[in-house]
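Take a look at the following structure, please.
A short reminder: the numbers here are calculations on the coordinates, not readings from a lab. Keep in mind the model is a prediction, meaning the values are calculated, not measured. Cβ sites come from the backbone with ideal geometry, for glycine too, and all protein chains shown count toward neighbours.
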């Protein structure tokens, strides 16, 4: 038994060699772990960067479109109009002048809205994508926009009826005047802070609240991103070919 024991013992590495081997394996394990961690971080950072870029682009596009929509609504409600904006309104059979003129006056709103139809269509198409990225509560500005446009169109239809009434059809002058004032305040923009203008301002404030933090991220996030980038560069220089 002793020769065999001596043979096997003689085959074992010396203490220094064993320790060096253990140290070598430990270093390889550490570098492999660092490499794997950096690879995972790089993949996660790429995904985060891609998702962040898409979110930023969506926020920027939405903010631009909503500001364009605010200007469009202001133009739609402008109290002065050109005759060319009345559109191709055909006179109905036996239609009195008063009713025909009333329909022509309100047609300006529809002509102007048609000019911005592509803009409003883009916003409506963006609505569900925006909610998917920013959450269900982010759809409020889109709902508010639809409500504003709906109320303007409704006011136009009501004024076409009210303006078209003759003296014999108006049973209550005070009520008629009150209703005209109500819908005219929606149809026309009389001041910068009327009710519709306030609704538009609220719509923009809601979009700003959602999009602005994405377009201007907190300074801490920026510093952390830069630190990780610098750390990765350091690892690539310290462990060439390992990363």
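Between residue 195 and residue 88, what FRET efficiency follows from the Cβ-Cβ distance if R0 is 22 Å, with the result rounded to 0.05?
That pair, residue 195 with residue 88, gives E of 0.10.
Separate question: Could you work out how far apart the two model spin labels at residue 128 and residue 98 are, taking each label as a point 7 Å from the Cα in the direction of the beta carbon, and quote it in nm?
Distance between label points: 4.8 nm.
Related question: Compute the length gained on full extension between residue 147 and residue 166: take 0.36 nm times their separation in residues and subtract their Cα-Cα distance, giving the result in nm to one decimal.
Computed gain between residue 147 and residue 166 is 3.8 nm.
So how far apart, in nm, are the two label points at residue 208 and residue 53 if each is 7 Å from Cα heading toward Cβ?
Distance between the two pseudo-spin positions: 3.0 nm.
Now, a different point. Is the shape of segment 60-214 rounded, prolate or oblate, going by the alpha carbon gyration tensor and its root eigenvalues a ≥ b ≥ c, with a/c under 1.5 for rounded and a/b larger than b/c for prolate?
Verdict is prolate for segment 60-214.
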